[in-house]
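Sharing a structure with you now.
The values are calculated or read from the model by the stated rules, or taken from the named source; none is laboratory data. Because the structure is a prediction, the values reported are computed rather than measured. Cβ: placed from backbone, ideal geometry, glycine included. Neighbour counts: every protein chain shown. Keep in mind that these areas ignore ligands, DNA and RNA; they rest on the heavy atoms of the full protein, side chains included. Shrake-Rupley method; radii C 1.70, N 1.55, O 1.52, S 1.80 Å.
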Amino acid sequence: MEREAVTSPDGDRVYVDRTAGDRGSEGPFYIAYATERGEDRWGFLCGNCGSLDTAMDTMGRIECNECGNMRKPEEWDAAHE
């Protein structure tokens, strides 16, 4: 599987798999890996604006800090409200 090499804001080279993404409110989130072989996850690339500046909380919610694209949490519990 071929991954796209991109440079993070910190100057790290990371590798993005655009074959599968997690659905977001404005566009998909693609997994970015620290190695080309995809052995270690690095973070996410926002498919809406192309930013690597994303954050994930403990419930699996992903949000792009640049454009506000958001993926809903994987798990939801009323106790977290």
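Residues of the stretch 38-53 being under 13 Å from SER8 (Cβ atoms) and either part of a loop (DSSP other than H, G, I, E, B) or open to solvent by 30 Å² or more (accessible area, probe 1.4 Å) (or both), which ones?
Residues satisfying the conditions are TRP42, GLY50, SER51, LEU52, ASP53.
Moving on. Take the residues in the stretch 58-81 that are modelled with pLDDT of 70 or more and outside any loop (DSSP other than H, G, I, E, B), then tell me which one is surrounded by the most Cβ atoms within 10 Å (Cβ to Cβ).
CYS64
Out of the residues in the stretch 4-23 that are part of a strand (DSSP E or B) and among the small types (Gly, Ala, Ser), state the one that is modelled with the lowest pLDDT. Give the steps one after another, and end with the answer.
Initially, the stretch 4-23 is screened for residues part of a strand (DSSP E or B), giving 4-7, 13-22.
If we keep only those that are among the small types (Gly, Ala, Ser) too, we end up with 5, 20-21.
Numbers: ALA5: 96, ALA20: 83, GLY21: 90.
Here the answer is ALA20.
So, one more: Filter the stretch 3-16 down to the residues that are in contact (Cβ under 8 Å) with a residue 40 or more places away in the chain, open to solvent by less than 80 Å² (accessible area, probe 1.4 Å) and either touching a Ser or Thr at 6+ places or on another chain (Cβ under 9 Å) or of a type in the set (S, T, N, Q) (or both) and list them by number. It would help to see each step written out before you state the result.
The first filter runs over the stretch 3-16 and keeps only residues in contact (Cβ under 8 Å) with a residue 40 or more places away in the chain, leaving 6, 8-9.
Within this subset, residues satisfying the condition of being open to solvent by less than 80 Å² (accessible area, probe 1.4 Å) are 6, 8.
If the condition is that a residue be in contact (Cβ under 8 Å) with a residue 40 or more places away in the chain, open to solvent by less than 80 Å² (accessible area, probe 1.4 Å) and either touching a Ser or Thr at 6+ places or on another chain (Cβ under 9 Å) or of a type in the set (S, T, N, Q) (or both), then SER8 is the only one that fits.
Out of all the residues in the stretch 17-37, which are over 12 Å from GLU4 (Cβ atoms) and open to solvent by less than 70 Å² (accessible area, probe 1.4 Å)? Quick ask: steps written out before the conclusion?
We begin by selecting, within the stretch 17-37, every residue over 12 Å from GLU4 (Cβ atoms); these are 20-29, 34-35, 37.
Answer for the stretch 17-37, where residues must be over 12 Å from GLU4 (Cβ atoms) and open to solvent by less than 70 Å² (accessible area, probe 1.4 Å): ALA20, GLY21, ASP22, GLY24, GLY27, PRO28, PHE29, ALA34, THR35.
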